[in-house]
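Asker: Mind looking over this structure? Questions follow.
The values are calculated or read from the model by the stated rules, or taken from the named source; none is laboratory data. Keep in mind the model is a prediction, meaning the values are calculated, not measured. Neighbour counts are summed over all protein chains in view; Cβ atoms, including those assigned to glycine, are modelled from backbone coordinates with ideal geometry.
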Amino acid sequence: MYEYSETVSLKDGSQVTVRDTTIDDLDKSFDFFQAMSDEERQYLRIDVCNKEIVRDRYHQIELGKAIRLIAECHGQLVGEATLETMRYGWLRKSGEVRLLILPALCDLGLERLMAREIFLLGARLGLNNLIARVMDMQQKTYAILSDLHFKHAATQKDHACDADGKMHDVHLLTFSLKEMWRKMEDAIGEADTSPLDTYY
Amino acid sequence: MAGFFKEPTLRNEQVLGLKYTGREDFEASLEFFRSLPMEERLYLRRNVTKREIVEERIGEIERGLATGIVAVAGERIVGDALLFVMPHGCSRRTGEVRLLVHPDYRGLGLGTILARELFILAVRKDLKKLESCVMETQVGAKRMLERLGFVQEGILEGFVNDLKGREHNLILMGMKL
């Protein structure tokens, strides 16, 4: 379990605590999903109106298949960021980033903050790659991930279905952590041979 | 094993049985995956030679996240097909297919037979699209998917690692139904 808790200020000055989550947050989590509109829920992959399915999400954390950070404001859950990982198999060095933020707080910078934290988590875990799936209407999320230097890798046409049954494209955005570390090491390597080394 | 829903004839006139995968197929499934040549096992998405991974697979079928079909010759599983569908949410109309035929039974039409059954399943589930992914080195698998009508949708570079830890590109393929 990743032990993390930090209180941050959003653009309007309101205080939000970002921390990792446990099964004790089940009721808050369920309330969070019930507070979503049908339009917001259409981006989700599971039936969040079923409390047993919401409970199972915590089991995935216990199995080591997911790490989740939540954002709390005045005791209510207002957002979550998840890094889904595989312990085995060909995707074991990759993690999928999933962001769920109440729309009102997206404009106050919470989505960007959570995206950054889960990105850093992936880096600390030693993953090689991160991936995020964004539906074609999620332009703000796309922009935030682009700002974090995620690159568009592929589009799965007509992959996702909205609440009205209409199919949408899903864009896959990826970030190579391995490439980032390699560039940093190269840069440090160059610094080690800088003229300063010859001063002494 | 009993309970075949179809008994297709292969190109070599051999008759197999097709059945939906269930808990009773656990040991035979494990044996099937363990009988694959080592060089093929390296490229499998999950290490299905491990009991806990086969258990995970059977669990997914029992929870309704996937439907499996096995091709049986005598008591032996010689082909395995899986259709993954999330029952809820935005991916509920898209299925992911996985298909594996034992080397002894390739070139006899079994891959096509299993793929056809997956298509029938997908249509019955009212899916709009099928997807699959292969490592770039799995040339034969990619060719088979293309023959079935899948097209390449993208490449994720260096995204997957085989059992030896070597990196490979992942090819995403899709087909509208």
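Asker: Within the range A:168-191, identify whether any single residue is under 27 Å from A:ASP47 (Cβ atoms) and either in contact (Cβ under 8 Å) with a residue 60 or more places away in the chain or more than 14 Å from every other protein chain (Cβ to nearest Cβ) (or both), and answer yes or no.
Answerer: Pass one, the range A:168-191, residues under 27 Å from A:ASP47 (Cβ atoms): A:168-173.
Then keep just the ones that are either in contact (Cβ under 8 Å) with a residue 60 or more places away in the chain or more than 14 Å from every other protein chain (Cβ to nearest Cβ) (or both); that gives none.
Among the residues of the range A:168-191, not one is under 27 Å from A:ASP47 (Cβ atoms) and either in contact (Cβ under 8 Å) with a residue 60 or more places away in the chain or more than 14 Å from every other protein chain (Cβ to nearest Cβ) (or both), which makes the answer no.
Residue-wise test of (1) within 12 Å of another protein chain (Cβ to nearest Cβ); (2) crowded, with 19+ Cβ neighbours inside 10 Å; (3) among the hydrophobic types (A, V, I, L, M, F, W, C).
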| position | (1), (2), (3) |
| --- | --- |
| B:LYS6 | no, no, no |
| B:VAL15 | no, no, yes |
| B:LYS19 | no, yes, no |
| B:MET38 | no, no, yes |
| B:ARG57 | yes, yes, no |
| B:GLY68 | no, yes, no |
| B:GLY74 | no, no, no |
| B:GLY89 | yes, no, no |
| B:VAL97 | no, yes, yes |
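Asker: Residues of the range B:137-157 being within 23 Å of A:ASP169 (Cα to Cα) and either within 13 Å of chain A (Cβ to nearest Cβ) or not hydrophobic (A, V, I, L, M, F, W, C) (or both), which ones? Show your work before the answer.
Answerer: Quick first cut of the range B:137-157, residues within 23 Å of A:ASP169 (Cα to Cα) only: B:142, B:145-146, B:148-157.
Those that are within 23 Å of A:ASP169 (Cα to Cα) and either within 13 Å of chain A (Cβ to nearest Cβ) or not hydrophobic (A, V, I, L, M, F, W, C) (or both): B:LYS142, B:GLU146, B:GLY149, B:PHE150, B:VAL151, B:GLN152, B:GLU153, B:GLY154, B:ILE155, B:LEU156, B:GLU157.
Asker: Output the residues belonging to the range A:134-152 that are surrounded by fewer than 21 Cβ atoms within 10 Å (Cβ to Cβ) and either under 23 Å from B:SER132 (Cα atoms) or at the interface with another protein chain (Cβ under 7 Å from one of its Cβ atoms) (or both).
Answerer: A:MET135, A:ASP136, A:LYS151, A:HIS152
Asker: For the range B:163-177, which positions are at the interface with another protein chain (Cβ under 9 Å from one of its Cβ atoms) and surrounded by fewer than 18 Cβ atoms within 10 Å (Cβ to Cβ)?
Answerer: Once the filter is applied, which keeps residues that are at the interface with another protein chain (Cβ under 9 Å from one of its Cβ atoms) and surrounded by fewer than 18 Cβ atoms within 10 Å (Cβ to Cβ), the range B:163-177 yields B:LEU163, B:GLY165, B:GLU167, B:LYS176.
Asker: Could you go through the range A:148-162 and let me know if any residue there is assigned to a helix (DSSP H, G or I) and either at pLDDT 90 or above or not β-branched (Val, Ile, Thr) (or both).
Answerer: no
Asker: Report whether or not A:ALA71 is among the small types (Gly, Ala, Ser) and in a helix (DSSP H, G or I).
Answerer: It is false that A:ALA71 is among the small types (Gly, Ala, Ser) and in a helix (DSSP H, G or I).
Asker: So, B:GLU31, is that one in a loop (DSSP other than H, G, I, E, B) and either among the small types (Gly, Ala, Ser) or over 28 Å from B:VAL123 (Cβ atoms) (or both) or not?
Answerer: no
Asker: Another one. Is at least one residue of the range A:38-58 touching a Cys at 6+ places or on another chain (Cβ under 9 Å) and of a type in the set (A, V, I, L, M, F, W, C)?
Answerer: Taking every residue of the range A:38-58 in turn, at least one turns out to be touching a Cys at 6+ places or on another chain (Cβ under 9 Å) and of a type in the set (A, V, I, L, M, F, W, C).
Asker: What residue, among those in the range A:68-124 that are small (Gly, Ala, Ser) and in contact with a Gly (Cβ under 7 Å, 6 or more places away or on another chain), is nearest to A:THR17 (Cα to Cα)?
Answerer: Checked the range A:68-124; the qualifying residue nearest to A:THR17 (Cα to Cα) is A:ALA71.
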